[in-house]
Amino acid sequence: MIYSQITGIGSYVPEKVLTNEELCSIVDTSDEWITSRTGIKERRIAEAGLTTSDIAANAARRAIKRSGVSPMDIELIIVGTITPDMIFPSTACIVQEKLGLKNAAAFDVSAGCSGFIYSLSIADSFIKSGRYKNALVIGADLLSRITDYTDRSTCVLFGDGGGAAVLSANTENTRGILSTHIHSEGGHDNILKLPAGGSLMPATAQTVNNLDHYIKMKGSELFKYAVKYLKDVAEEAIKFNGLKPEDIDLFVPHQANIRIIEATAKKLCFPMERVFVNVEKYGNTSSGSIPIALDEACVSGRIKEGDLVLIDAIGAGLAWASSIIRW
Ligand code: UT7
C-alpha cells in the first residue's frame, strides 16, 4: 500500500492587515456586527503588484524546504485557486517557473473554497497509483482583487493568503492521507459567482461599470448549504475510515464564518477544543483557508506526529470536500 504523506507544509499571507475598524470607514458596518455574525476581526490584503502566484510560490518555498524533497524531484504541481494570475496560462505553470520545478507537470483546479482539498485528492490519487513520488499541492487566493468594497455583505468576509503541502509516497508506515471525499452540485451560481470576465460575459466597459467582475454572494442561503454539506462530508470521511468523531485529534474546517464552524462542530458532536479556528485573523481566504490553518496548527503544536486530522471545505460550484490524514 502506498500512502501519500504530507512531508512539508507552509503558508504565506501578505503583511498588510485590514481591521474591522478600518472597514467601518469604507462601508456602513461595525466591529460588533462583523464579530458577532462572522467571528472575523481582521484580514490580510495584498499590496499592488503581489499576485496569486507570488503567494503560492512563497508558501511553496516554505513547504518544500520543510519537506527536504529536492525541487528537481517534484513531479506534479496543482494549484487550487479561483483568482489565477490570468485566465491562462495556469497559475501552477507560473509557480513552476518561479520555483524552477523543471520536472513537474502543472495545472490549476477551480473548486471554489474547496480548491485545496480537491487538489490534494487529485495528487493523492496520482501518488497512490504509483505514477508520481512527490507532488506540490497549493491552495492560494487573492480575493481582495475580486471583492467589491462598496458591498458590505461581502467585503467584510474575505482576505488574501495561501498555503502549500508537499505530498510524498510512503510505503513504510500508515502515516499519510487515509481518504479524500469530493462532491459537487451545479446549479447554485445564483448564490455564489463572479459573473464577468469569462466566455458568458466577456469584459467590456459596461461589465466594469456594473461591478460584474466582483464576487456576488447570497450569504444566508449559502450558510444553510455550508452547515449541511460540511457536516455530511465530515461524517462520510469518519465512517469511511471506520472511525468515530472522538478518534479525531483535530478538526480543521474551512475558515469562512465562526458560526458555520460552531454549527458544524455541534452537529458532529465535536467539542470546540478539538476544532482549529483562525478565522478571526484572516477571514475567508478561499483555497488558502485549509493549508494556512494546517500550517498554523503544526507550528503551534496543535498537530503532532501520528495525530488524526480531519479537514473539510465548501465553496462555489457548489463544491465540497473532506479528508482524514494520519499526520
Ligand atoms: O466559503 C464559502 C463561501 N461563503 C460562506 O460560506 C458564507 C456563508 N454565509 C455567511 O457567512 C453569512 O450568511 C454572512 C456573514 C454572509 C451574513 O450573515 P447573516 O446572519 O446570514 O446575515 P444576513 O445576510 O441575513 O443579513 C442580516 C442583516 C441584514 O439587514 P436587515 O435586512 O436584517 O436589515 C443585512 O443588510 O445584516 C445586514 N448586514 C450588515 N450589517 C452590518 C449585512 N452585512 C452587514 C455588514 N454590516 N457588513
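Under the condition of being crowded, with 18+ Cβ neighbours inside 10 Å and not hydroxyl-bearing (Ser, Thr, Tyr), which residue from region 33-49 is farthest from the ligand (Cβ to nearest atom)?
The first filter runs over region 33-49 and keeps only residues crowded, with 18+ Cβ neighbours inside 10 Å, leaving 34, 38-40, 42-46.
Add one more test, that the residue is not hydroxyl-bearing (Ser, Thr, Tyr), and what stays is 34, 39-40, 42-46.
On the way: Ile34: 6, Gly39: 9, Ile40: 9, Glu42: 14, Arg43: 13, Arg44: 16, Ile45: 16, Ala46: 19 Å.
Out of the qualifying residues, it is Ala46.
Residue-by-condition table, conditions (1) in contact (Cβ under 8 Å) with a residue 60 or more places away in the chain; (2) touching a strand residue (DSSP E or B) at 6+ places or on another chain (Cβ under 8 Å):
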{"position": "Lys224", "(1), (2)": "no, no"}
{"position": "Lys228", "(1), (2)": "no, no"}
{"position": "Ile238", "(1), (2)": "yes, yes"}
{"position": "Asn241", "(1), (2)": "yes, yes"}
{"position": "His254", "(1), (2)": "yes, yes"}
{"position": "Lys267", "(1), (2)": "no, no"}
{"position": "Phe276", "(1), (2)": "no, yes"}
{"position": "Pro291", "(1), (2)": "yes, yes"}
{"position": "Gly315", "(1), (2)": "yes, yes"}
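Look through region 16-32, keep the residues that are outside any strand (DSSP E or B) and in contact (Cβ under 8 Å) with a residue 60 or more places away in the chain, and return whichever of them is surrounded by the fewest Cβ atoms within 10 Å (Cβ to Cβ).
If we filter region 16-32 for residues that are outside any strand (DSSP E or B), which is where we start, we get 16, 20-32.
Now restrict to residues that are in contact (Cβ under 8 Å) with a residue 60 or more places away in the chain: 20, 23, 26-29.
On the way: Asn20: 20, Leu23: 20, Ile26: 13, Val27: 15, Asp28: 7, Thr29: 17.
Restricting to residues being outside any strand (DSSP E or B) and in contact (Cβ under 8 Å) with a residue 60 or more places away in the chain, the top hit is Asp28.
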Among helices (runs of 4 or more DSSP H) entirely within region 217-327, at least 3 residues that are among the hydrophobic types (A, V, I, L, M, F, W, C) and closer than 23 Å to Ser168 by Cβ occur in 289-299
Take the residues of region 312-322 that are more than 9 Å from the ligand (Cβ to nearest atom) and buried (at least 24 other Cβ atoms within 10 Å of the Cβ): which is nearest to Leu243 (Cα to Cα)? Ser322
Pick out the one residue from Thr81, Thr154 that is farther than 25 Å from Ala297 by Cα and β-branched (Val, Ile, Thr). Thr154
Region 2-15, subset in contact with a strand residue (DSSP E or B) (Cβ under 7 Å, 6 or more places away or on another chain) and in a loop (DSSP other than H, G, I, E, B), residue surrounded by the most Cβ atoms within 10 Å (Cβ to Cβ): Val13
Going residue by residue through region 161-171, is there one that turns out to be more than 16 Å from the ligand (Cβ to nearest atom), part of a loop (DSSP other than H, G, I, E, B) and either within 30 Å of Trp33 (Cα to Cα) or in contact (Cβ under 8 Å) with a residue 40 or more places away in the chain (or both)? yes
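If we scan region 101-115, do we find a residue that is at positive phi, modelled with pLDDT of 95 or more and surrounded by 20 or more Cβ atoms within 10 Å (Cβ to Cβ)? Please lay out each step first, then the result.
So in region 101-115, the residues at positive phi come out as 112.
Restricting the remaining residues to those that are modelled with pLDDT of 95 or more gives 112.
Then drop every residue that is not surrounded by 20 or more Cβ atoms within 10 Å (Cβ to Cβ), which leaves 112.
Looking for residues that are at positive phi, modelled with pLDDT of 95 or more and surrounded by 20 or more Cβ atoms within 10 Å (Cβ to Cβ), one finds at least one in region 101-115, hence yes.
The values are calculated or read from the model by the stated rules, or taken from the named source; none is laboratory data. Predicted, not measured: the structure shown is a model, and the values here were computed from it. Virtual Cβ from ideal backbone geometry, glycine too; neighbours counted across all protein chains shown.
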